[in-house]
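For reference, the structure discussed in these notes is given below.
The values are calculated or read from the model by the stated rules, or taken from the named source; none is laboratory data. These numbers come from a predicted model, not from an experiment. Just the protein is used for accessible areas: all its heavy atoms, side chains included, with ligands, DNA and RNA removed. Shrake-Rupley method; radii C 1.70, N 1.55, O 1.52, S 1.80 Å.
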Amino acid sequence: MKKLKLKELESCLQQVDTFESPKLLLEQYPTRPHIAACMLYTIHNTFDDIENKTIADLGCGCGMLSIGSAMLGAGMLETFDTVIMNPPFGTKHNKGMDIIFLKTALQMAKTAVYSLHKTSTRQHIQKKAHEWEVKMEVIAELRYDLPASYKFHKKKSILLTSFAPLTKCIHLISP
């Protein structure tokens, strides 16, 4: 398989359709092509957790992470080496939904979970990782361009700095 450059991957992902009518209750925000490309490129080139691995994309929404993973050589099956996700952030009406997604992902993944989370929840997620006896490491902090998607959004777009640290959780292996 041809090795894609970051810009090539981002360019391809810009062709993926986003939500026509996002649902607030489900916190449906599209993963922007730049965020998806950076996330997937890092996972692929730094951790080797995509090519020839089976991938689950929890909360896949528009399928941006699944499509990008497939472009980087991932397989899609019922058991998974790696889970990649941009879960609901657990705000508005879904308090704690991010933790439910993370716990489910850890149960599904054989090797690793890569997940986007709000910077403000980092300490809570670290506490949960410790409770669940998994290693948690922030491997990137990304700027998340969040477009106005709902009627209550007053600005056309908002740029949130360090909004989405990429978290890697690995199952501990007990002797």
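Derived scalar couplings between HN and Hα for the range 32-43 equal 5, x, 5, 4, 4, 5, 4, 4, 5, 4, 5, 4 Hz in order, rounded to whole Hz, by the Karplus curve 6.51 cos²θ - 1.76 cosθ + 1.60 (θ = phi - 60°), x for Gly and Pro.
Heavy-atom accessible area, probed at 1.4 angstrom with all protein chains present, ranks 131, 51, 20 as 20, 131, 51, highest first. Taken over the range 5-97, lysine pairs spaced eight or more positions apart, or on distinct chains, with alpha carbons under 23 Å apart number 4. Relative to the current alpha-carbon distance between residue 153 and residue 99, full extension at 0.36 nm per residue lengthens the span by 16.9 nm. Based on protein heavy atoms only, the range 1-59 ends up with 57 Å² per residue of surface accessible to a 1.4 Å probe. Accessible surface for residue 43 stands near 0 Å², nearest 10, in the context of the full protein assembly shown (1.4 Å probe).
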